[in-house]
Amino acid sequence: MKSTVEQLSPTRVKLNVEVPFEELEQDFARAYKSLAQQIRIPGFRPGKAPAKLIEARVGRDAVLAQVVNDAIPGKYSEAVAETETKAIGQPEIDLAELEYGKSITFTAEVDVRPEITLPDFATLSVEVEPIEADDAAVDEQLESLRARFGTLVGVERPVADGDFVSIDLNAEIDGEEVPEASTTGLSHEVGSGELIDGLDEALIGLSSGETATFTTTLVAGEHAGDQAEVTVKVNSVKTRELPAVDDDFAQLASEFDTVDELKADLRERVAQSKKMEQASAVRDAVLDKLLEVVEVPLPEKIVAEEVDGQLHQVLHSLNHDEEQLASLLEAQGTTREKFEAEARESAERSVKTQLLLDAIAEQRETEVSQDELTQQILFQAQRYGMAPQDFIGQLQQAGQVGSIYADVRRNKALAGVIGLVSATDTAGATIDTTEFFGGADESEATGTDATGAGTDETEAEAAK
């Protein structure tokens, strides 16, 4: 088999492949064996009819077409490996006219990983906001803990912000009830904003047994984006009584004996949370800096597929109802054109990020252990509320294990270079990122001197 590569653009190539006819001998044998099982020829048992009779029955050209169609995927893969093409996505194959006994020729246009020149990471610097003492956050944690151990007590007064109410809702459009937006005996915390717009404002000031009507925009169901008249009735009003902040409360709500020990622990937890937030900000800043300084040519077809995927996901959630999508976008104050423009911008960043991090992973020879892959799969399973084995089964069925692997590899590659980038806060203090991302020496130990993008096992998944 002969294969040559023609570079069409930095992100796309054309493979020209010629397969000698004699290389298809085993493929013809499999085809005849398959056809012999399907075709009934008098005088021969199933599977025993000779090739000449099969050809006479279905035609030589039909056999050739089946052989070539079955063989091309494998020959394409051979050509990719032979030419060391860093293919991503699905190829567009164009088959030349077939002639029995002659070489089979075809071309395959496919997107490829672009060559990416990476910078010296030690020359990069980022700046984020400093960590500040946050007594308010400590107080918020303490109040949240009190709320967990609070009790709801009925009150005979109008509804106030923060109360807990039992309500009935009735929604109508043009005098017709909307069943999916109507309910009875619904529990709601006033001021939480968890239900429909305008509800909390309508509730405040009402007493048990009273009703109010307001206009709102429905955000789900068949009438998403439509204006509806909603009537709310208050059935009961309760307020939460909180326990006093004392040593008894500390012993009830925690493992500590005194409230001072409890507050010290909350203060430490808040401080650690702030450090994690700063570490996350550093990570985002490093990625933004890399995307800013590194040129990454984008495969147009991969970007287009990403945009189509985002649009399909939104339409799928709306039962593929274009009118419902238009209404929803209008309610959000945007248009289909703006939505698609934003989707494209998001897709371009996503694809660029993936290609960039793949290049870093290739340069630094980033490897993913089985334990790291397993931990990520378990995390994803928990996130989706699924049993690990069921989640793994779905991943395998959908062919997405490689995609999980690629994501873990990219995240690990990014973490590996963060220690090489200079990170400071806006007050000028140097930020130590080793607690969350490891040290620079550890990162450098996995690297090489090479720069540029490379391949990995996931191919198509890595850019999707």
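One residue stands out among those in the range 1-46 that are over 25 Å from Thr107 (Cα atoms) and surrounded by 13 or more Cβ atoms within 10 Å (Cβ to Cβ): the one that is modelled with the lowest pLDDT, which is Ala36.
Evaluate the following for Ala181: is it surrounded by 14 or more Cβ atoms within 10 Å (Cβ to Cβ), modelled with pLDDT under 95, under 30 Å from Val138 (Cα atoms) and among the small types (Gly, Ala, Ser)? Before you say what the answer is, go through the steps one by one.
Values: surrounded by 14 or more Cβ atoms within 10 Å (Cβ to Cβ): yes; modelled with pLDDT under 95: yes; under 30 Å from Val138 (Cα atoms): no; among the small types (Gly, Ala, Ser): yes.
No: the conditions fail for Ala181.
On inspection, Asp200 fails the criterion of being acidic (Asp, Glu) and in contact (Cβ under 8 Å) with a residue 60 or more places away in the chain.
In this structure, does Glu109 turn out to be surrounded by 13 or more Cβ atoms within 10 Å (Cβ to Cβ) and assigned to a strand (DSSP E or B)?
Details: surrounded by 13 or more Cβ atoms within 10 Å (Cβ to Cβ): yes; assigned to a strand (DSSP E or B): yes.
Considered against the rule, which asks whether it is surrounded by 13 or more Cβ atoms within 10 Å (Cβ to Cβ) and assigned to a strand (DSSP E or B), Glu109 comes out as yes.
Set side by side, the residues Leu356, Leu318 differ, and just one is assigned by TED's automatic domain parsing to the domain that holds Glu292 and at pLDDT below 90, which is Leu318. Among the residues of the range 318-336, those identified as within 23 Å of the chain's Cα centre (by Cα) and surrounded by fewer than 13 Cβ atoms within 10 Å (Cβ to Cβ) are Asn319, His320. Residues in the range 187-210 that are in contact with a helix residue (DSSP H, G or I) (Cβ under 8 Å, 6 or more places away or on another chain) and among the polar types (S, T, N, Q): Ser192 only. Within the range 12-40, residues that are charged (D, E, K, R) reach partners that are at pLDDT below 80 with beta carbons closer than 8 Å, at six or more positions or on different chains, in the pairs Lys33/Gly47; Arg40/Pro46. Residues that are at pLDDT 95 or above and closer than 20 Å to Pro119 by Cα number at least 1 in the following helices (runs of 4 or more DSSP H) confined to the range 367-459: 401-418. Would you confirm whether any residue within the range 90-101 is more than 28 Å from the chain's Cα centre (by Cα), on the phi > 0 side of the Ramachandran plot, at pLDDT below 90 and not polar (S, T, N, Q)? Yes, some residue in the range 90-101 is more than 28 Å from the chain's Cα centre (by Cα), on the phi > 0 side of the Ramachandran plot, at pLDDT below 90 and not polar (S, T, N, Q).
Considering every residue within the range 217-228, establish whether at least one is assigned to a strand (DSSP E or B), free of Cβ contacts under 8 Å to residues at least 60 places away in the same chain and under 13 Å from Asp197 (Cα atoms).
yes
Matching residues to (1) surrounded by 15 or more Cβ atoms within 10 Å (Cβ to Cβ); (2) of a type outside the set (Val, Ile, Thr):
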| position | (1), (2) |
| --- | --- |
| Thr215 | no, no |
| Ala220 | no, yes |
| Asp226 | yes, yes |
| Val230 | yes, no |
| Lys238 | yes, yes |
| Asp248 | no, yes |
| Leu252 | no, yes |
| Phe256 | yes, yes |
| Lys263 | yes, yes |
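Scan the range 57-74 and give yes if some residue there is surrounded by 13 or more Cβ atoms within 10 Å (Cβ to Cβ) and either in a loop (DSSP other than H, G, I, E, B) or among the hydroxyl-bearing types (Ser, Thr, Tyr) (or both), otherwise no. Walk me through it before giving the result.
First, the residues of the range 57-74 that are surrounded by 13 or more Cβ atoms within 10 Å (Cβ to Cβ): 57-58, 60, 62-68, 70-72.
Still in the running and either in a loop (DSSP other than H, G, I, E, B) or among the hydroxyl-bearing types (Ser, Thr, Tyr) (or both): none.
Checking the range 57-74: not a single residue is surrounded by 13 or more Cβ atoms within 10 Å (Cβ to Cβ) and either in a loop (DSSP other than H, G, I, E, B) or among the hydroxyl-bearing types (Ser, Thr, Tyr) (or both).
Taken as a whole, the condition of being under 30 Å from Pro297 (Cα atoms), out of contact with any helix residue (DSSP H, G or I) (no Cβ under 6 Å at 6 or more places or on another chain) and in a helix (DSSP H, G or I) does not apply to Ala347.
The values are calculated or read from the model by the stated rules, or taken from the named source; none is laboratory data. What you are looking at is a predicted structure, and each value in this text was computed from that prediction instead of being measured. Don't worry about glycine lacking a Cβ; one is built from the backbone with ideal geometry, like all the others, and counts go over all protein chains shown.
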